[in-house]
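Following: one structure in structure tokens, then a few remarks.
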Amino acid sequence: MARSLIVYFSQGGTTAKVAGSIATGLRREGYQVDLHNMKEERQPDISGYDLLGIGSPVYFFRPPFIVTDYLKSLTDLGGLPAFTFVLHGTYRFDTGRSIRRVLARKGAQDVGYFHCHGADFFLGYIKQGYLFSPDHPTPAELSLAEDFGSQVAGRVAGKPYSLAEEDRPPPLVYRLQRLSLNRWFAEQIYSRFFRLDKEKCDACGLCMKMCPRANISEDKDGYPVWGRNCLLCLTCEMKCPKDAITTPISWPFIRPIMKYNVSHASRDPALDHVRVTHRKGRTRPI
Ligand SMILES: Cc1cc2nc3c(=O)[nH]c(=O)nc-3n(C[C@H](O)[C@H](O)[C@H](O)COP(=O)(O)O)c2cc1C
């Protein structure tokens, strides 16, 4: 029996859902499929697999660092068929292309590219009162993902496939944002400015538990301390039930940038959104 491994990163669960649907499509075609979320501690051994899938959400118009690091860690893929899928709340731009390019450089054979919307719990937009792509992936998108899995199996078996269109790069304004949120800035600047209000924090440990990079440790009193290995997913601030954490997304000069993005995306007829409030770790519709 042919074997496929799907390795994805999912913090909010939408990429995991799509991975599951693609796996269903592959199983329909007789594949045995293993699924692995990159945030688990140990990465799987890919030897012995006939097909590799890489799934990623878009973070700041690029793949999150955890995905880039995983791709970097792969050794020569020696012609292994590989597919890519990307989840995005607003604009994905060329995130998928950058993943597919690394896979090609590692010697993979591109057998497919899928993308769809995923509920966008990005705190920068939530703080502006907007949740983009709520209820995505929809049942229709999940069904397309399942069909994609079947198509990929067909291509590996030799059915003709013309490479999916390349995504376009971001316009300048988003490219500058992407640049300002690159790894150097994350490690050297933003990571140093996670603030904790000890009056509010009750050392519940939720932020440590939810950090996908195990980047938060506890001090001698049980309070969180941030390291430099941050993805800027902002889950720690977002989920804190006491509103005790402040990350750089709350800096005043970031607000106009978020306002600009939100005003553009909320007027885009291709994007769904709902208005929300966020308090004490919970996002609620208004
Ligand atoms: C920190 C962060 C940054 C994000 N940046 C983008 C972005 O630049 N473009 C976009 O379309 N979606 C963006 N999103 C939305 C996610 O890509 C999308 O919601 C995805 O479905 C999340 O996947 P998950 O539920 O598997 O974690 C961002 C989400 C987070 C949390």
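The values are calculated or read from the model by the stated rules, or taken from the named source; none is laboratory data. Remember, it's a predicted structure, so these values are computed and weren't measured experimentally. For neighbour counting, all protein chains shown are included, and Cβ atoms are generated from backbone atoms with ideal geometry for every residue, glycine included. With ligands, DNA and RNA removed, areas are computed over all heavy atoms of the protein, side chains included. Shrake-Rupley method; radii C 1.70, N 1.55, O 1.52, S 1.80 Å.
Per-structure values
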quantity	calculated
Complete set of residues in the range 1-42 that are in contact with a strand residue (DSSP E or B) (Cβ under 9 Å, 6 or more places away or on another chain), farther than 19 Å from SER73 by Cβ, at pLDDT 95 or above and part of a loop (DSSP other than H, G, I, E, B)	ALA2, GLN11, GLY12, TYR31
Selection count where residues are more than 16 Å from the ligand (Cβ to nearest atom), touching a residue at least 24 places away in the same chain (Cβ under 8 Å) and either of a type in the set (Gly, Ala, Ser) or surrounded by 17 or more Cβ atoms within 10 Å (Cβ to Cβ) (or both), scope the range 25-49	7
Test: SER191 is touching a residue at least 60 places away in the same chain (Cβ under 8 Å), among the small types (Gly, Ala, Ser), more than 22 Å from THR95 (Cα to Cα) and more than 13 Å from the ligand (Cβ to nearest atom)	no
Where TYR190 falls short, out of the listed (1) out of contact with any Asp or Glu (no Cβ under 6 Å at 6 or more places or on another chain); (2) under 21 Å from VAL102 (Cβ atoms); (3) surrounded by 15 or more Cβ atoms within 10 Å (Cβ to Cβ)	(2)
Residues satisfying the stated conditions in the range 169-186, i.e. part of a helix (DSSP H, G or I) and either in contact with a strand residue (DSSP E or B) (Cβ under 8 Å, 6 or more places away or on another chain) or aliphatic (A, V, I, L, M) (or both)	LEU172, VAL173, LEU176, ARG178, LEU179, ALA186
Subset of the range 247-286 that is more than 15 Å from the ligand (Cβ to nearest atom), modelled with pLDDT of 95 or more and closer than 30 Å to PRO171 by Cβ - its residue that is surrounded by the fewest Cβ atoms within 10 Å (Cβ to Cβ)	PRO269
Where SER56 falls short, out of the listed (1) in contact with a Gly (Cβ under 9 Å, 6 or more places away or on another chain); (2) within 16 Å of the ligand (Cβ to nearest atom); (3) touching a residue at least 60 places away in the same chain (Cβ under 8 Å)	(3)
Selection from the range 188-234 of residues that are hydrophobic (A, V, I, L, M, F, W, C), under 24 Å from ARG62 (Cβ atoms) and part of a loop (DSSP other than H, G, I, E, B)	ILE189, PHE194, CYS211, ALA214, CYS230, LEU231, LEU232, CYS233, LEU234
Residue count, the range 4-24 (criterion: open to solvent by 20 Å² or more (accessible area, probe 1.4 Å) and over 20 Å from VAL152 (Cα atoms))	4
Residue under evaluation VAL67, criteria (1) more than 10 Å from the ligand (Cβ to nearest atom); (2) buried (at least 24 other Cβ atoms within 10 Å of the Cβ); (3) under 24 Å from ALA157 (Cα atoms), criterion not met	(3)
Selection status of ARG92, in contact with an Asp or Glu (Cβ under 8 Å, 6 or more places away or on another chain) and of a type outside the set (Gly, Ala, Ser)	yes
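Let's see how each residue does on (1) under 23 Å from the mean Cα position of the chain (by Cα); (2) at pLDDT below 95; (3) among the charged types (D, E, K, R):
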site: LEU196; (1), (2), (3): no, no, no
site: CYS201; (1), (2), (3): no, no, no
site: CYS207; (1), (2), (3): yes, no, no
site: CYS211; (1), (2), (3): yes, no, no
site: LYS220; (1), (2), (3): no, no, yes
